[in-house]
Amino acid sequence: MEDRGRLSIIAELIRDHISLDGLDQFLCQTGVEKNDFVVIQPSDFSGEIFAIDGSNAAICSYLTANVNLIRAGYAVYRKRDWQRTVITFDDLFLADPKLSGTNFDPYLEHFFGLNAINLKESDLDRLSSYYREMQEYVAINDALNRSHPGDIILYDGSFEVFEPLRDVLATIFSRASEKEVALLAVAKSSSLSWGMAITLPFVQHTSMAASQLLPGEAWYLSLKGKKVDAGQGKWGGQTYVVRFCGESEHAFRVDVPEYLGDDMGQILGKLTDHSCSAECLGYPHALFRAHRDIRITEQEGAAARERLIAGLSELGMAHKEIRMLMQDYHDILEMRTRF
Amino acid sequence: MQTIETQAQPDNATSLLKPKVIEGKDTTYRIVSRNVSEYQFIVPFNLPDEERVEVGQIFSINDQGLTYLARVLNIEHSSNYDGHWDTTMKGTQFFDSDQIFNRVVAEPLGCINKNLEFKKSRTLPTKFSPVSRAEREEFKFLSQVMGDIEVGYLRNGSRLVEEIPVALHSDAIDHHMGVFATTGMGKSNFMKVFAASCMRLAAQGDSKFGLLIVDPHGEYLKGKRNSQVKGLVHLTRYREGLACYSTDRSNATDPGVEELTISESEIFPEDIALLYEWSAPQRDALDAISRIFDPNSWLDEIKTPDGMARMMQEGFKDSTVNVLVRRIKNELGRNSYIKKRSSLANILANLQKGKVVLVDIPRMSDRSELFLLSVISRYILDEYKKDEKEGEESRKNCLITIEEAQRVLGAASNTSRFESIAREGRKFGVGLCAITQQPKLIEKQLLSQFNTLVVMGLGDRNDRQQLEESAKQDLTSMDTEIQTLEKGEAVVSTLNIPFPVPARIHRYEDYLHRLNLEDPPERLIKKGGFKPFLE
Ligand SMILES: Nc1ncnc2c1ncn2[C@@H]1O[C@H](COP(=O)(O)OP(=O)(O)O)[C@@H](O)[C@H]1O
Ligand SMILES: [Mg+2]
């Protein structure tokens, strides 16, 4: 078993990471002040709320390439009522760096008017993440096409994206701005941090601080000028920490493009009533629904795997051959049978 | 691998985006689960009162040429969101109402094919087959399997399906029958309805069995005085299907009611045995009587000094013999219906003609009633046994009703008379109709020989369990329903009908009204009327 001494050191460290003893140090070191928290005034909103999400499940791999099942789409709400869910992509993806041109380029070109991107150096996992992200952007694009001025589009994640896809985002931002549609990325997890000696979680601590400073309120806080270790920050927008609804203890990192800079309070006001559902208090409900409707369940992954194996058998491959090629050695170590 | 590559490589721009739009279309009222012995479908969680689903309701599932029928066993709260998320409501009243529903668990009853034939099903409906409340059309096949003794209407949950009467089969009745309900749930009412239907058959000449009812509460003959509750005599239209005997002087003077008498020669020592608690020596003495005396005159003989002396010669103490004789004298003195002449031959004749015979013995003690029932039923069984040997073809079978049957068919009872009818009566065409509020006290092996069960509200779990464990048709899945049956509601299980049928028993007074208004059967008119009691 583990060394008792090391266990207690780690426990202490975790305590130091999580608990915020006294606001002063946090306020002082991050430069956050009480006045920086802007209370959100709820407002009535009857436009449509789109929530974009994607999902990715590994079906099999043979070391030099992966097969993934990828799904992307969005859920649409008006006030508290679900309107529809649209699946824009739902298919297998064969991740092979040498095939990335044929995989990515048609989409980039058709939807965003962009030229080929170079992904030859990317590893396989990253390749399928890129592909899923690209399909999510195609979904945003489709939602944009179907939206009306004043509508809100929520994206599950951050706009702090990998270099190769940054141009895609720029295109989307300009289209959204032109159409006068709000576009927000809401991140469930965030690596924003503060602190000198150890890395402290910024979003959680901001949330704790706000619970003391403005109990029971919904608020947002701009990170502009705050001493926060954010990513590269070159994606062309503003990052906020937001508590969508006063009854909740949670806060989220929210990225918005530059063009929305002045409207933040007003946009968030339209979302408060939409962020207090029984299923996920404090989180925009449309994102919850998008997650539920778009996620690939374990059964779906298994079924896709079986269909693939059947397809291979039909092409004359022996089961033994398939197994040899596709069985992940980890599965053997874990005594799992997938084939 | 080529197939996958082409799949992953869209070849033209239009195929790049093929959005699939999911909108709020009806996902409810469809089969979602589960196997051959259990179907599950979902219904909206917020149905208006009149559309609510109830335990016991029958739904039909249309699947190409087949119509499956299934009965609701249970209804559960359910949602596509697993876990107990709904406990976090926090009063915001905001949730995805399209993801929440009630899951209905139903038991397959069987399947109707294109020719309206009903079969037990060995397969299950296709997933997502549409489900709807079974209507008249789907129940039509049931009319074909119903019998000739109408007792009520088909019930779908708490709604009546008046087009489909529930009727028992005369053919199944020579096998035993049971009527079970907690007091006040409608046993007596059922028996009157049952008897009325039998009277009707008898009057029309279609009866297949005689029905004997011995009524110690005086409620069947004329109903309850000063109340709406009517009796069998009020069924004037089919009055000729009924023969009445009464120990009550005022009733017996009514036209069409005879005075009940039995003769001493029809009484056996074992009948006397039913009347008292006996010590072991007393019981031995009783058992010895039939050895010592002539069975036709033992009652007279044993009372004489000579008779008592013969008992003592056999080694019985005089005190024992004295008690025996004193009790016999008591009983003979108290029961004025014990005479030199007897109604039994007449009763038997009426039963064999297929009539309903009502023996009205109001205000009689429990033991006296058993005594009388014992004398009558033995007489009947013995006579049917004789007929069987003599090959009497024209006589009808007979069904003997026993109220509070747990007294005589219980595991603890020592009244072998009725058990012997239960066990061997069938061979000779004599069946039992056991009525009880405590089926748990009836011996399981006996219960398992009952072909027809009329189960009404039974609150006691042990009662239900006893029935479920011994019934010929599987009733276990109906436990919740039987528990929640209301007054007059029943589950009728009988061999000729393919599944236990939910029914609402007619209220006797309503049924009476209806029958009395029926056109008189033509046959009787041609005969120029009927004078049954003067025959
Ligand atoms: N099928 C029925 N429809 C309407 N009322 C009924 C029905 N069955 C019984 N009742 C009423 O319920 C009461 C009790 O019925 P009863 O037959 O005497 O019950 P039990 O014999 O089981 O004690 C009576 O007043 C009767 O009118
Ligand atoms: Mg009664």
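The values are calculated or read from the model by the stated rules, or taken from the named source; none is laboratory data. None of these values were measured; they are calculated from a predicted model. Neighbour counts run over all protein chains shown; Cβ positions are idealised from the backbone, glycine included. With ligands, DNA and RNA removed, areas are computed over all heavy atoms of the protein, side chains included. Shrake-Rupley method; radii C 1.70, N 1.55, O 1.52, S 1.80 Å.
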5 angstrom amide H check on A:Gln238, placed H, neighbours 5+ away
A:Val256, A:Glu258
Provide, for q = 0.16, 0.18, 0.19 Å⁻¹, the log10 of I(q)/I(0) from a solvent-free Debye sum over equal Cα point scatterers in region B:228-369.
-0.88, -1.02, -1.09
One finds the C-alpha centres of region A:63-130 and region A:279-305 to be spaced, in Å, by 17
Options A:Leu214, A:Met134, A:Ala75, ranked by Cα towards positive dipole end of region A:48-294, top entry (Cβ charges)
A:Leu214
Folded to 0 to 90 degrees: helix B:136-145 orientation relative to chain B principal axis, Cα:
30
Quick one: which of A:Lys188/A:Lys270; A:Lys188/A:Lys234; B:Lys339/B:Lys427 span more than 27 angstrom between C-alpha atoms?
B:Lys339/B:Lys427
Based on alpha-carbon centroids, what's the gap between region B:296-370 and region A:12-60 in Å, whole number please?
97
Roughly speaking, to the nearest percent, how much of the protein assembly as shown's 1.4 Å accessible area is carbon and sulfur?
48
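What does the net charge come to around A:Gly261 if you take all other residues with beta carbon closer than 13 Å to its beta carbon, with K and R at +1 and D and E at -1? Kindly include the intermediate steps, with their values, before the conclusion.
Details: positive: A:Lys224; negative: A:Asp255, A:Glu258, A:Asp262, A:Asp263.
Residues close to A:Gly261 contribute a combined charge of -3.
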Residues whose modelled amide H sits under 5 Å from the amide H of B:Lys339, counting only those 5 or more places away in sequence or on another chain, are B:Ile262, B:Ser263, B:Glu264
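By its C-alpha gyration tensor, with a ≥ b ≥ c as the square roots of the eigenvalues, how is region A:1-107 shaped: rounded for a/c under 1.5, else prolate for a/b larger than b/c, else oblate?
Working: a/c = 2.74, a/b = 1.25, b/c = 2.20.
Note, shape of region A:1-107 comes out oblate.
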With an 8 Å Cα cut-off and a minimum separation of 6 or more residues, compute the relative contact order for region A:48-294 in percent.
20
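Summarise the partner chain shielding of A:307-319 as one whole number: the mean count of Cβ atoms from other chains within 10 Å of each residue's Cβ. Walk me through the intermediate numbers first.
Numbers: counts 0, 2, 0, 0, 4, 3, 0, 1, 3, 0, 1, 0, 0.
That average works out to 1.
Please state, rounded to one decimal and in Å, the Kirkwood hydrodynamic radius that region B:265-334 gives when every pair of distinct Cα atoms enters the mean of 1/r.
By the Kirkwood definition, the hydrodynamic radius is 11.9 Å.
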Hey, which aspartates and glutamates would be in cross-link range of B:Lys353, C-alpha to C-alpha under 13 Å, not counting anything within fewer than 8 residues on its own chain?
B:Asp206, B:Glu240, B:Glu392, B:Glu393, B:Glu535
Measuring from centroid to centroid over Cα atoms, what is the spacing of region A:191-241 and region B:18-57 in Å?
46
Relative contact order (percent, whole number), chain B, Cα cutoff 8 Å, 6+ residue spacing
18
I'd like the Kirkwood hydrodynamic radius of the protein assembly as shown, using the inverse of the mean 1/r over distinct C-alpha pairs, in Å.
35.0
Is there a pair in B:Lys25/B:Lys127; B:Lys120/B:Lys208; A:Lys34/A:Lys226 whose C-alpha atoms are over 20 Å apart, and which pairs would that be?
B:Lys120/B:Lys208
Using amide H atoms built 1.01 Å from N in the peptide plane, name the residues 5+ places from A:Ala218, or on other chains, whose amide H lies under 5 Å from its own.
A:Ile40, A:Gly246
Treating region A:47-111 as a set of equal point scatterers at the Cα positions, no solvent, please give the Debye-formula log₁₀ I(q)/I(0) at q = 0.14, 0.25, 0.28 Å⁻¹.
-0.56, -1.07, -1.17
Excluding residues on the same chain fewer than 8 positions from B:Lys389, give the aspartates and glutamates whose Cα lies under 20 Å from its Cα.
B:Asp174, B:Glu424
Applying the Karplus parametrisation 6.51 cos²θ - 1.76 cosθ + 1.60 with θ = phi - 60° to the phi angles of region B:380-386, what ³J(HN,Hα) value in whole Hz is obtained for each residue in order, glycine and proline being reported as x?
4, 4, 4, 5, 5, 4, 4
Angle check, please: helix B:280-292 long axis (alpha carbons) against the longest principal axis of chain B (alpha carbons), in degrees 0 to 90, nearest 10.
70
Size of electric dipole in chain B: Cβ of Lys, Arg +1 and of Asp, Glu -1, about Cα centre, debye, nearest 20
820
Keeping every protein chain present and rolling a 1.4 Å probe, give me the accessible area per residue for region B:43-176 in Å².
49
Per 5 Å bin, what percent of the C-alpha pairs of region B:19-83 does each bin hold, from zero upward?
4, 12, 23, 26, 17, 12, 5, 2, 0
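Using only helices, what value at 222 nm comes out for the protein assembly as shown when you add -39,500 (n - 2.57) per DSSP H run of length 4 or more and divide by the total residues, to the nearest 500 deg cm²/dmol? Working shown, then result.
Working: 30 runs with 302 residues, N = 874.
Computed ellipticity for the protein assembly as shown at 222 nm equals -10000 deg cm²/dmol.
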Computed for B with A: buried accessible area summed over both chains, 1.4 Å probe, rounded to 100 Å², at 3100
How large is log10 of I(q)/I(0) for chain B at q = 0.07, 0.12 Å⁻¹ when the intensity is taken from the Debye formula with one equal scatterer per alpha-carbon?
-0.51, -1.13
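Per the Cauchy relation, a quarter of the hull surface: what is the mean projected area of the convex hull of the alpha carbons in chain A, in nm²?
Working: hull surface 82.3 nm².
Mean projected area of the Cα convex hull: 20.6 nm².
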Residues of region B:91-133 that become at least 30 Å² less accessible with every protein chain present than in their own chain isolated, using 1.4 Å: which are they?
B:Thr92, B:Phe94, B:Asp96, B:Asp98
